[in-house]
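First comes the structure, then the notes that go with it.
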Amino acid sequence: MSVKNLYRWAAIFLLFGAIEFFIFLNIAAFLDKGYSISNNTISHLGIDSLSYIFNIAIIILGLCEIAASILLKKYSCAFSILLFTGGIGAIGVGIFNENFGYIHLFFAILAFLSPSILSFFAMMKNKNFMGYEWSLMGSISIIALILFASGIYLGLGDGGMERMILIPELIWVFQFAAVLYEKQ
């Protein structure tokens, strides 16, 4: 398979994983009547009556990240490793819900931190406006993660603050996958 086709398949996996996760995360949040986007963490969706929606969606996201990481070995070894690590984190979050305490926390940190750091590796390979924007999105996610870990929620609640980690990551991944799809 040509490098261009490898990149295209990787882009398809990244887009599919990110889109399906975003859609099913919101479906689970909408359907769970006791869930508060502001007051409950994202992972809280993995323990209620509709936990299967969230857990399956995040496991699929992780599998898509791992598949893309394998296809992107020629793109950058460090990029591929970080993407693989993020995929393992996502799968771990889906398997070990919040009730697993520190095990869940470990996987959640991998799932959140790896894509944020990954944005800088993407920027190094794409030193243009988009690449710099990706690193800005990664920076926002890292700052939000630090604030979240410090218990500083900026009036957004812990669920709102977690979304300040997740949403910039999704934005840059959507853009990166689109650029990667067209890469020569």
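Nothing in this text is a laboratory measurement; each read-out follows from the coordinates by a stated rule. Since we're looking at a predicted model, the values are computed, not measured. A quick note on method: Cβ atoms are made from the backbone with ideal geometry, for glycine too, and the neighbour counts reach across all protein chains shown.
Sequence gap at least 6, Cα distance under 8 Å: using those rules, report the relative contact order of the chain to the nearest whole percent.
Details: 299 pairs, mean separation 49.2, N = 184.
Relative contact order of the chain: 27 percent.
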Two-decimal Rg/Rh across the stretch 3-182, once Rg and the Kirkwood Rh are taken from alpha-carbon atoms: 0.96
Spin-label model distance (nm) - residue 39 vs residue 147, 7 Å beyond Cα toward Cβ: 2.1
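What is the magnitude of the charge dipole of the stretch 3-182 about its Cα centre, with +1 placed on the Cβ of each Lys and Arg, -1 on the Cβ of each Asp and Glu, and no other charges, expressed in debye to the nearest 20? Show your work: numbers first, answer last.
Values: 8 positive and 10 negative charges, 132 e Å.
Result for the stretch 3-182 is approximately 640 debye, rounded to the nearest 20.
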